[in-house]
Structures are given as C-alpha cells and as structure tokens.
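A short worksheet on the structure shown next.
The values are calculated or read from the model by the stated rules, or taken from the named source; none is laboratory data. None of the values given here were measured: they were computed from a predicted structure. Positions of Cβ are generated from backbone atoms using ideal geometry, with glycine treated the same way; all protein chains shown enter the neighbour counts.
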Amino acid sequence: MKPRIYESGTPVMNENSSYTPPKIWTWEAKNGGEFANINRPVAGATHEKALPVGEHPLQLYSLATPNGVKVTAMLEELLALGFDGAEYDAYYIDIGEGDQFGSGFVDINPNSKIPALVDHSMPEPTRVFESGAILLYLAEKFGALVPSDPMARAECLSWLFWQMGSAPYLGGGFGHFYSYAPEKIEYCIDRYAMEAKRQLDVLDRHLADNRYMCGDEYTIADIAIWPWYGALVLGRVYDAGEFLDVASYTNAVRWANEIAERDTVKRGRMVNRGSGDPAEQLRERHDASDFETKTQDKIDQQG
Ligand SMILES: N[C@@H](CCC(=O)N[C@@H](CS)C(=O)NCC(=O)O)C(=O)O
C-alpha cells in the first residue's frame, strides 16, 4: 500500500487504500483488534466500585505491565534500602475486565490507567497517577534513588521524562502494530520499527559510557526505562527480539542483564502479575512474606 498523503490537513487517498475517513469520526464499538473491548473515546467511570484499602501507608492499584513494574520495582528497592514507610498493599487491577473504569479507580486516576497510588501517610489521602510522577513522588518522599546534586538530578530527570515520552512509540506504536493490530500494515510497522530502533540506539550509545542511566548510581531513570527497554533487549516483549535485532545493542543488553539480576526487580516483576509461570505471580501483595507464601502456584495448591 502506498502511503497516504496529507494536504492542508485533508487526507488524500491513494488508489490502493480501502478506507476513506468520513467527515466526522464516529465510534464503532466492534472495531476489532486486541483491547477493542476496553478502548472507548470517552473518559469517566462505567460502574460504581469502591477500591479496597489495606493497612500500609501506601496503597497501590496496578498490574504487572511495564508501567506497573516501574512502581513495584521502586517500592521493593525502597524497602530494601530500609525505608519502612514504603510498605505497601498492592491490589490487582484487571484492565482486560475494565477495572480501571470503576468509580473508585477513576477517583484516583481520572485517566483510567494503571498504575495509581494513594499515600495514606499524608494529612489527607494523596493520589498520584502516571508512573513517572509516582517514581518522582516516592523518590522525593524518601530522599532516595534520585540524585540531590542539581546537575546529576537534571540528568536523571531528563532520562526519566525521556522514557515517559518515548515508550508510547514503542508500546502504542511498534508493539501495537507489530503484535496486536488485526492486520499487519507495512507502513505502520516500518514507521515504528524505525523509531524503536532509533530509541534503542540512543540508549545503547549512552550506556557505552555509563554503567547506569545516570552514571554509577542506580536511579529512578533506570527503574523507569528497564521494564520497557530492558525487557525489549532481553527479548521479553512483543516476540520482537530477532525482528529488531536487539542483541546488536550490546551496551543496552549488558545494562538490562545487570538490572534483571536485582532481587528488588525480580520481586517487583512478580507483584500484580496475572499471567505466565504461577510461581512468579503474586496477584496481591500485602506483606514481604507474601513472596514466599502467596504466589499463585501455592494458592492453586491450596485449592
Ligand atoms: N503514561 C501512563 C501510561 C499508563 C498505561 O498506559 N497503562 C496501561 C497499562 S500499561 C493501562 O492501564 N491501560 C488500560 C486502558 O488503556 O484502558 C503511565 O506511565 O502511567
């Protein structure tokens, strides 16, 4: 298919295109494709549902997608550093079932996406949504995992926000059209494979001279970037390792492997996980001991 050409904002169709956009877009609920059941063109709650609240200061409502793992890896890291105030309850939000559209969830994230956190240790329960905001909020609250020196901090925040701006091209762009779209469209896959590879090259060049994203210190920049780009270069997402030749980004692979070995990351990946090896799934986390006693294999054994 030849690319569509735009003139003054008006789509001009080429002769091979099978779709002519109407004057006004309307929503057809059955537009097919993965996630069609949860995609809507409007915001707000679809049903009344209060969120559970546990006993710890921090209440997390999430799922072990890359955006979810950022926060659980952060909380496990803070706990490992000895910050008891980072104790948390993690509740499972099934986005495939529309839990993100329950009234309680929408109250804490009007954008209806995981992860969302409520801090009950503040004078009023304080909501935080957007994974980058949650990482920065926690880093500032505990004075950890973000450099205090203004120059180092600038570098760290630059990479944190680089991730927040870049990942939608990887997930919503490349991942969507390569893995999830109901048809393989060469134009879209080319466009986003090019961008995904460019982003990997950005990382790879930077990591040639840096052990972590901000030098020798493991920070929220690594915690944000690893679940997306670390997982990508380790061939864990979209089954795209060969297609994108991820092994050629050797500095990024070295960095990703080193972080994958952290116990805090291994634990963070388990929390709110609902698929894969049952021994690696801790759907809800309320206590550090849950990693030993409440994984899905053990729950299944108990019948
Ligand atoms: N920019 C947001 C993105 C969050 C996001 O896209 N979450 C996805 C799962 S990874 C979600 O909840 N999707 C449900 C939906 O779109 O309805 C963040 O980083 O927190």
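Here are a few things to note about the model shown:
- Among the candidates G68, G54, the residue that is surrounded by 14 or more Cβ atoms within 10 Å (Cβ to Cβ) and either at pLDDT below 95 or part of a helix (DSSP H, G or I) (or both) is uniquely G68.
- If you go through the range 54-74 and keep only what is within 12 Å of the ligand (Cβ to nearest atom) and small (G, A, S), you end up with S62, A64, G68.
- Top-ranked residue of the range 90-108 - restricted to ones that are closer than 20 Å to H120 by Cα and under 19 Å from the mean Cα position of the chain (by Cα), ranked as surrounded by the most Cβ atoms within 10 Å (Cβ to Cβ): A90
- In the range 122-137, the residues that are within 14 Å of the ligand (Cβ to nearest atom), more than 19 Å from S166 (Cβ to Cβ) and among the β-branched types (V, I, T): V128
- Residue within the range 151-165 that is without any contact (Cβ under 8 Å) to a residue 24 or more places away in the chain and closer than 14 Å to N67 by Cβ present: yes
- When residues in the range 216-228 are screened for being farther than 23 Å from A193 by Cβ and either in a loop (DSSP other than H, G, I, E, B) or in contact (Cβ under 8 Å) with a residue 60 or more places away in the chain (or both), 7 of them pass.
- Boolean, Y249 is more than 18 Å from the chain's Cα centre (by Cα), of a type outside the set (A, V, I, L, M) and surrounded by 19 or more Cβ atoms within 10 Å (Cβ to Cβ): yes
- Scanning the range 78-91 for residues that are closer than 18 Å to A116 by Cα and either of a type in the set (K, R) or out of contact with any Asp or Glu (no Cβ under 8 Å at 6 or more places or on another chain) (or both) yields L78, G85, A86, E87, Y88.
- Flag: V271 matches the condition of being closer than 27 Å to A116 by Cβ, of a type in the set (V, I, T) and either buried (at least 22 other Cβ atoms within 10 Å of the Cβ) or touching a residue at least 12 places away in the same chain (Cβ under 8 Å) (or both).
- Residue within the range 24-41 that is at pLDDT 95 or above, crowded, with 16+ Cβ neighbours inside 10 Å and more than 16 Å from the ligand (Cβ to nearest atom) present: no
- Identity of the residue in the range 138-170, buried (at least 19 other Cβ atoms within 10 Å of the Cβ) and within 12 Å of the ligand (Cβ to nearest atom), that ends up nearest to the chain's Cα centre (by Cα): A167
- Count of the range 176-207 residues, restricted to those that are assigned to a helix (DSSP H, G or I) and more than 23 Å from R254 (Cα to Cα), is 12.
- A residue that is part of a helix (DSSP H, G or I), within 16 Å of the ligand (Cβ to nearest atom), within 20 Å of the chain's Cα centre (by Cα) and closer than 23 Å to M270 by Cβ can be found somewhere in the range 75-87.
- Tally of residues being within 11 Å of the ligand (Cβ to nearest atom) and without any contact (Cβ under 8 Å) to a residue 60 or more places away in the chain across the range 171-185: 1
- Cβ-Cβ contacts under 9 Å between residues 6 or more apart (or on different chains), taken from a first residue in the range 52-77 that is closer than 14 Å to R283 by Cβ to a second residue that is modelled with pLDDT under 95 and of a type in the set (K, R), are absent.
- Set A279, A288, A231, A247: member being outside any loop (DSSP other than H, G, I, E, B), of a type outside the set (V, I, T) and under 20 Å from E77 (Cβ atoms): A231
- Conditions (1) farther than 26 Å from A144 by Cα; (2) surrounded by fewer than 17 Cβ atoms within 10 Å (Cβ to Cβ); (3) modelled with pLDDT of 95 or more; number of the one not met by A208: (1)
Quick grid of which residues meet (1) among the β-branched types (V, I, T); (2) farther than 24 Å from G85 by Cα; (3) within 16 Å of the chain's Cα centre (by Cα):
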{"position": "Y218", "(1), (2), (3)": "no, no, no"}
{"position": "V237", "(1), (2), (3)": "yes, yes, yes"}
{"position": "N257", "(1), (2), (3)": "no, yes, no"}
{"position": "V265", "(1), (2), (3)": "yes, no, yes"}
{"position": "P278", "(1), (2), (3)": "no, yes, no"}
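- Identity of the residue in the range 88-98, of a type in the set (G, A, S) and within 11 Å of the ligand (Cβ to nearest atom), that ends up farthest from E261 (Cα to Cα): G98
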